[in-house]
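Here is the structure we will look at, set down as structure tokens.
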Amino acid sequence: MSYSFYIKVYGCQMNDYDGQRIEDILVLNGFIKENNPLNADIVIFYTCNIREKAVHKLESTIGMIKSNKTKVIAVGGCVAQAEKDNIFKRIPRVNLSFGPSTYHKLPEYLNDLLHGKKKRIIDLNNYRLEKFDISNKRKEVTTSAYVAIQEGCDNFCTYCVVPYTRGREYSRPVIDVINEVKYLVANGAKEIVLGGQNVNSYHGEAPYITIGSNRKTWRIEELIKAISTIDGIKRLRYLTSHPKDFTVELMKVHNEVPMLVPFVHIPVQSGSDKILKLMNRNHTAREYLDKLKLFRDICPDIQFSSDFIVGFPGETEEDFNDTLKLVEEAKYTLSFYFKYSVRPNTPAAKMTNQIDEKIKEERLAKLIKALLKDQVYYNNELVGTTQEILITKKGKRKNQYIGKNVYMQSVIINSNENIIDQFKTTLIESASENCVFGKLLD
Ligand code: 5AD
Ligand code: SF4
């Protein structure tokens, strides 16, 4: 008998990647994917708790699943890792809890539960590389494909749960990454996104030891150069990078590897040295800005995006103004911004001087205004240029499609045919704050 499963994934690209691998492994083991949770034997929530109290949301979502069909309710990912045994107390209907490094074991665990061998299972081990063994067996390959090259983080920024949920940093061996990229390209992928929490501290096992060197690992720039020799890749990106680990060698690779996009996500979080120190970011605002300047000197066409947190404990008006000053100097083309959110068991949660929600909101609104100013400027600069875009989805209107250019900017175009997953050349005709509008040239 085949059992059906429903899966809902919350969170970052790493979680999407994990979610897709979970689908793959279950389908390969005879389970059937179901789109309605009420019709599924197994209901899986793969979660993220980086910025919100995900467990509350989960409690109410699971409460709504009232179906006689449900035999297993599984919670996986960072919330499972953070809640530990507590998850069964908070949500008693959950009978499987699995951490982000355990999903290769799901078929075994599900079979044990479905056949009554066990009533409850929890696995929060960090099996590290084992979960990647199934990476080269996929149900479907998308034109833009994400490949995890590294996972976990040793940086311990004081606001962040990742080092506790994803665990310590480890890198996949070069040969495993290359084999996965080759498999993806052979099956239709054209854009490869090398992903991880801190990809520029990648140190994967080397495929061979270079003569004259006793280094047993490769850095990301060596990995990128090796991947760029694989035929069929049109675009290559990597994210996320930590400013302190950004090397001149990596900057130079952008000039050496034509398919590497001239766009890098380097989150700064704050422009105040005091707050950066309290966040344990290990660099100053000036050091960060100097790196962007050096990068621009080396690659004149490079553009940057960043993440920001406003209202970190102890952030004064002056600290926040330092962030606005940094924004003015850095000139980002795209950014992501968040109000600081207390994450249990992180050092910042215990800090005094937590900031009032209202102040956080006011600061966020001011920050967005400052960021949009640059975004609008860059979007207007695109008007009249031709941009190659990868069409990713349908737009809101009839015949409207949305694609991404190399700068990850959304380009909106019209087409009578379905062009999703294709690369298209477009002429940009007008711009707005969050996107530009173009017409197809081919
Ligand atoms: N509160 C607000 N934003 C956070 N981020 C991580 N932890 C928190 C938190 N506790 C943001 C950071 C990070 C991005 C992935 O999420 O900006 O770069
Ligand atoms: Fe979290 Fe900091 Fe690591 Fe990023 S670098 S995952 S913010 S601890």
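The values are calculated or read from the model by the stated rules, or taken from the named source; none is laboratory data. Note that the structure is a prediction, hence the values are computed from the model and not measured. For neighbour counting, all protein chains shown are included, and Cβ atoms are generated from backbone atoms with ideal geometry for every residue, glycine included. Protein only, heavy atoms only, side chains kept; ligands, DNA and RNA dropped before computing areas. Shrake-Rupley method; radii C 1.70, N 1.55, O 1.52, S 1.80 Å.
Taking interchain pairs and intrachain pairs at least six residues apart, which have beta carbon atoms under 9 angstrom, with the first residue in the stretch 339-358 and closer than 13 Å to Thr158 by Cβ and the second open to solvent by 90 Å² or more (accessible area, probe 1.4 Å) and assigned to a helix (DSSP H, G or I)?
Arg343/Tyr164; Asn345/Tyr164; Thr346/Tyr164
Where in the stretch 81-169 are there strands (runs of 3 or more DSSP E), lying wholly inside it, with at least 1 residues that are open to solvent by less than 10 Å² (accessible area, probe 1.4 Å) and within 16 Å of ligand 2 (Cβ to nearest atom)? Talk me through it step by step, then tell me what you get.
On the way: elements: 96-98, 121-123, 144-148.
Because the criterion is at least 1 residues that are open to solvent by less than 10 Å² (accessible area, probe 1.4 Å) and within 16 Å of ligand 2 (Cβ to nearest atom), the strands (runs of 3 or more DSSP E) in the stretch 81-169 that meet it are 144-148.
Would you check which residues across the stretch 405-436 are in a strand (DSSP E or B) and surrounded by fewer than 19 Cβ atoms within 10 Å (Cβ to Cβ) and list them? Working first, answer last.
Pass one, the stretch 405-436, residues in a strand (DSSP E or B): 410-414, 423-431, 435-436.
Across the stretch 405-436, the qualifying residues are Asn414, Phe423, Thr425, Leu427, Glu429, Ser430, Cys435.
Considering only residues of the stretch 44-58 that are more than 16 Å from Arg90 (Cα to Cα) and within 12 Å of ligand 1 (Cβ to nearest atom), which is least open to solvent (accessible area, probe 1.4 Å)?
Cys48
Answer with yes or no whether Asn198 is within 16 Å of ligand 1 (Cβ to nearest atom) and open to solvent by less than 10 Å² (accessible area, probe 1.4 Å). Show your work before the answer.
Numbers: within 16 Å of ligand 1 (Cβ to nearest atom): yes; open to solvent by less than 10 Å² (accessible area, probe 1.4 Å): yes.
Judged against the criteria, Asn198 is a match.
I'd like to verify a number: residues in the stretch 243-264 that are open to solvent by 20 Å² or more (accessible area, probe 1.4 Å) and within 12 Å of ligand 2 (Cβ to nearest atom), how many?
2
Does the stretch 179-196 include one or more residues that are under 17 Å from the mean Cα position of the chain (by Cα) and part of a helix (DSSP H, G or I)? Give the steps one after another, and end with the answer.
Residues of the stretch 179-196 under 17 Å from the mean Cα position of the chain (by Cα): 191-196.
From the residues that got through so far, the ones that are part of a helix (DSSP H, G or I) too are none.
Taking every residue of the stretch 179-196 in turn, none turns out to be under 17 Å from the mean Cα position of the chain (by Cα) and part of a helix (DSSP H, G or I).
Residue under question is Arg120, and the condition is that it be at positive phi, among the charged types (D, E, K, R) and away from ligand 1 (no atom under 16 Å from the Cβ); does it hold? Outline the logic, then answer.
Values: at positive phi: no; among the charged types (D, E, K, R): yes; away from ligand 1 (no atom under 16 Å from the Cβ): yes.
No: the conditions fail for Arg120.
Please enumerate the residues belonging to the stretch 232-242 that are basic (Lys, Arg) and either under 20 Å from the mean Cα position of the chain (by Cα) or open to solvent by less than 20 Å² (accessible area, probe 1.4 Å) (or both). Break it down stepwise before answering.
Within the stretch 232-242, the subset basic (Lys, Arg) is 234-235, 237.
Of everything in the stretch 232-242, those that are basic (Lys, Arg) and either under 20 Å from the mean Cα position of the chain (by Cα) or open to solvent by less than 20 Å² (accessible area, probe 1.4 Å) (or both) turn out to be Arg235, Arg237.
Can you find even one residue in the stretch 83-98 that is in contact with a helix residue (DSSP H, G or I) (Cβ under 9 Å, 6 or more places away or on another chain), of a type outside the set (S, T, N, Q) and within 16 Å of ligand 1 (Cβ to nearest atom)?
Scanning the stretch 83-98 turns up no residue that is in contact with a helix residue (DSSP H, G or I) (Cβ under 9 Å, 6 or more places away or on another chain), of a type outside the set (S, T, N, Q) and within 16 Å of ligand 1 (Cβ to nearest atom).
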